[in-house]
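Trainee: Submitted below is the structure of interest, expressed as structure tokens.
The values are calculated or read from the model by the stated rules, or taken from the named source; none is laboratory data. Since we're looking at a predicted model, the values are computed, not measured. Positions of Cβ are generated from backbone atoms using ideal geometry, with glycine treated the same way; all protein chains shown enter the neighbour counts. Only protein heavy atoms, including side chains, enter the accessible area calculation; ligands, DNA and RNA are left aside. Shrake-Rupley method; radii C 1.70, N 1.55, O 1.52, S 1.80 Å.
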Amino acid sequence: MIFTIFGATGDLTTKKLIPALYVLFSDDQLPSHFIVNLIGRQPFENDLFIEHIKGQIEGDFPEWDAFKTHLKYIKMDFTDEEAYGDFQSYMKSINVNSAQERIYYLATAPRFFPIIAKVLVENNLVVRSNMRDKIIFEKPFGENLETAKSYNHLLLGLIEESQIYRIDHYLGKEMLQNVLMVRFANKIFESIWNHHNIEHITIYAFETETVKQRGGYYDRSGALRDMVQNHLFQTLALVAMDQPNGLNDRLIKDEKVKVLENLEFSSPMIYGQYDGYLSEKGIPSDSKTETFVALKMSVNTQRWANTPFYLVTGKKMNSKRAAIVITFKNSNFFFESGQPEKNTLTIEIAPREGIALTFNGKAPGLQSYVMPMKMDYCHLCNVMGNTPEAYEKLILDVIHDDASLFTRWDEIESSWKVIDQLEQLKKYERLHIYKDESEIIERLKSEWGQFLTYL
Ligand SMILES: NC(=O)c1ccc[n+]([C@@H]2O[C@H](COP(=O)([O-])OP(=O)(O)OC[C@H]3O[C@@H](n4cnc5c(N)ncnc54)[C@H](OP(=O)(O)O)[C@@H]3O)[C@@H](O)[C@H]2O)c1
């Protein structure tokens, strides 16, 4: 296998892709003969670059010396079409077996997708219909509906859909994969999974990080395009979809698309930018890019009627955390000695992976007081070793030609349609500058109400 990463000096390659490949290597999941080409434009010498990468990743890597012999840094400007001639000769020199798997990972901003894919095909580095040649495209796929459509059109003129892997690593996360299992394998949940019983659903993903060195990329994107269009909409689709006729990839995606095509939003939307953003490297001093967004959505299907779906994401928050919180309606039964609380089902995505259900019961003692109780399942506590990281799972899926956890074009198209509308309306919304998490969350609660206690 020849695995080539475009964007070798980027954050994604260092923090996620190299560690994922290392784990697959140490678990004997990679073919015995493999090379990882790392393409970047900076003038690194091979050994120095590999040491540089090692210096930036956290954790123990006891088999690093064996692993690093498979890594090769290639200095190349990937927008320079001429440069691919040398790359092609190099690939021929290492491609001893014509049945060899050639996987290209475009860990770059989306605007580079068309040029890289085009030149790879022109140089026979990817051959149409050769299912051993595959290209992985990082999220977001496009910057808006128009660019996403044009990239997709161009790609389908070059290669087959089955050679295209549009990655959204959220779908590789254990608890996202668990959503359908929890919903459809349990009568107790699926039978009440509708607007008759559910009051509202919140999906949130908070990061502590600022944009750091990624200002140039982030300022063109913002939270809507960087997080909502992909991670949050994909999560919402899994939570809100109807039961498919079977658990096969196509049927599941068909149901997800129905959700995405029926998304509606309502005001107020809350946009924020962390204080200090304008001083970050690569950010224009008058930038209005949002680093926080909170949306109230609804899914216009029979199942959901007017149930609100709150989507919230932000940078520079107090802690990194992501979860889905399903809040059920009030019980109709009233007790003299206390009011039952609303049941909640929380699917924790990060940092802890788990599921918690709150319910009401009798407090211990002679009196008949109602008391909130909690059943808590910790996913990590019950497995031997570590659960796989999303990127490990997804890279392995590409090697095994399994596209079920990758996004299909129509999912992306319907997501961009909604985001484009939101981008238009954003201009009329106030941008709140927040010093810290508490400031922006207080703002959110003052607009939407104090009920979002779990945020
Ligand atoms: N960072 C994450 O954890 C993460 C997670 C999920 C998805 N993503 C997505 O992954 C993509 C890349 O993210 P990132 O954080 O890795 O971005 P990044 O840190 O800005 O990296 C982009 C890479 O592209 C390289 N590059 C740009 N133009 C080039 C050229 N003409 N020739 C060769 N190399 C060139 C940059 O090289 P230089 O160093 O020379 O500028 C850098 O290595 C984005 O679309 C992002 O949304 C990132």
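Trainee: Any chance you could look up the accessible area of Ile349 with a 1.4 Å probe, heavy atoms only, rounded to 10 Å²?
Mentor: For Ile349, solvent-accessible area is about 10 Å².
Trainee: Looking at the square roots a ≥ b ≥ c of the eigenvalues of the Cα gyration tensor of the range 326-455, which shape do they give, rounded for a/c under 1.5, prolate if a/b is larger than b/c, or oblate?
Mentor: Values: a/c = 2.38, a/b = 1.31, b/c = 1.82.
Oblate, since a/c reaches 1.5 and b/c is not below a/b.
Trainee: Right, next: State the percentage of accessible surface on the chain attributable to carbon and sulfur atoms; use a 1.4 Å probe and exclude ligands, DNA and RNA.
Mentor: Using a 1.4 Å probe with all protein chains present, the chain comes out at 50 percent carbon and sulfur.
Trainee: Run the simple label-point estimate for Ser319 and Asp60 please: 7 Å along Cα→C-beta, distance reported in nm.
Mentor: Spacing of the two 7 Å Cα→Cβ label points: 2.6 nm.
Trainee: Using Cα atoms only, what is the angle between the long axis of helix 174-184 and the major principal axis of the chain, expressed in degrees (0 to 90) to the nearest 10?
Mentor: 50 degrees
Trainee: Give me the distance between the Cα centres of the range 86-139 and the range 142-207, rounded to whole Å.
Mentor: The two parts, judged by their Cα centres, are 26 Å apart.
Trainee: Give me the net charge of Asp420's neighbourhood, meaning all other residues with Cβ under 12 Å from the Cβ of Asp420; Lys, Arg count +1, Asp, Glu -1. Could the numbers behind the result be given before it?
Mentor: On the way: positive: Lys149, Arg225, Lys417, Lys426; negative: Glu143, Glu146, Glu413, Glu423.
After counting each charged neighbour, the total is 0.
Trainee: A follow-up question, please. For every other residue with a beta carbon closer than 13 angstrom to the beta carbon of Val239, add +1 if it is Lys or Arg and -1 if Asp or Glu, then tell me the sum.
Mentor: Once all neighbours under 13 Å are counted, the net charge is 0.
Trainee: Also, quick follow-up: Taking the Cα atoms only, what angle lies between the long axis of helix 390-399 and the longest principal axis of the chain, rounded to 10 degrees?
Mentor: The answer is roughly 50 degrees.
Trainee: Then there's this: What whole number of Å gives the distance from the Cα centroid of the range 230-250 to the Cα centroid of the range 1-20?
Mentor: Here the two parts' Cα centres lie 28 Å apart.
Trainee: Between beta-carbons, use under 14 Å as the cut-off and find the net charge around Ser267, counting Lys and Arg +1, Asp and Glu -1.
Mentor: +1
Trainee: When only the heavy atoms of the protein chains count and the probe is 1.4 Å, how do Phe333, Phe233 rank by accessible area, highest first?
Mentor: Details: Phe333 135, Phe233 0 Å².
Per-residue accessible area, sorted high to low, gives Phe333, Phe233.
Trainee: Taking the chain on its own, what percent of its Cα-Cα pair distances exceed 44 Å? List each step's numbers first, then the result.
Mentor: On the way: 15907 of 103285 pairs.
Tail of the P(r) past 44 Å holds 15 percent of the pairs.
Trainee: With each label point set 7 Å from Cα along the Cα-Cβ vector, what nm distance links Met371 and His400?
Mentor: Those two pseudo-labels are separated by 4.6 nm.
Trainee: For the residue pair Lys281 and Ala99, what label-to-label distance in nm results when each label sits 7 Å from Cα along the Cα-to-beta-carbon direction?
Mentor: Going by the 7 Å Cα→Cβ label model, 4.7 nm.
Trainee: Please give the solvent-accessible surface of Trp64 in Å², to the nearest 10, using a probe radius of 1.4 Å with every protein chain present.
Mentor: For Trp64, the solvent-accessible surface is approximately 10 Å².
Trainee: Roughly how many whole Å is it from the C-alpha centroid of the range 306-381 to that of the range 409-445?
Mentor: What the calculation gives is 26 Å, centre to centre.
Trainee: Considering only protein heavy atoms, what is the solvent-accessible area of Lys445 at a probe of 1.4 Å, reported in Å² to the nearest 10?
Mentor: Accessible surface of Lys445 is approximately 30 Å².
Trainee: How high is the relative contact order of the range 2-166, in percent, with contacts defined as C-alpha pairs under 8 Å that are six or more residues apart?
Mentor: Details: 217 pairs, mean separation 40.2, N = 165.
In percent, rounded to a whole number, it is 24.
Trainee: If you don't mind, there's one more thing I want to ask. Among Glu341, Glu392, what's the order by accessible area (1.4 angstrom probe), most exposed first?
Mentor: Sorted descending by solvent-accessible area, the residues read Glu341, Glu392.
Trainee: Taking the Cα centre of the chain as origin, work out the dipole magnitude from +1 charges on Lys and Arg Cβ and -1 charges on Asp and Glu Cβ, in debye rounded to 20.
Mentor: 780 debye
Trainee: Okay, moving on. How would Val398, Val121 rank on accessible area, largest to smallest, probe 1.4 Å?
Mentor: So, going from the largest accessible area down, we get Val121, Val398.
Trainee: Rounded, prolate or oblate for the range 233-368? Axes are the square roots of the Cα gyration tensor eigenvalues, ordered a ≥ b ≥ c, and the cut-off for rounded is a/c under 1.5.
Mentor: oblate
Trainee: Nearest 10 degrees, 0 to 90: what angle lies between the long axis of helix 46-56 and the longest principal axis of the chain (Cα atoms)?
Mentor: Compared with the principal axis, the helix lies near 10 degrees.
Trainee: Apply the a/c threshold of 1.5 to the C-alpha gyration tensor of the range 103-250 and tell me whether it is rounded, prolate or oblate. The partial results should precede the final answer.
Mentor: Numbers: a/c = 2.63, a/b = 1.52, b/c = 1.73.
The shape class here is oblate.
Trainee: Of all DSSP beta bridges in the chain, what percent run antiparallel (nearest 5)?
Mentor: 55 percent
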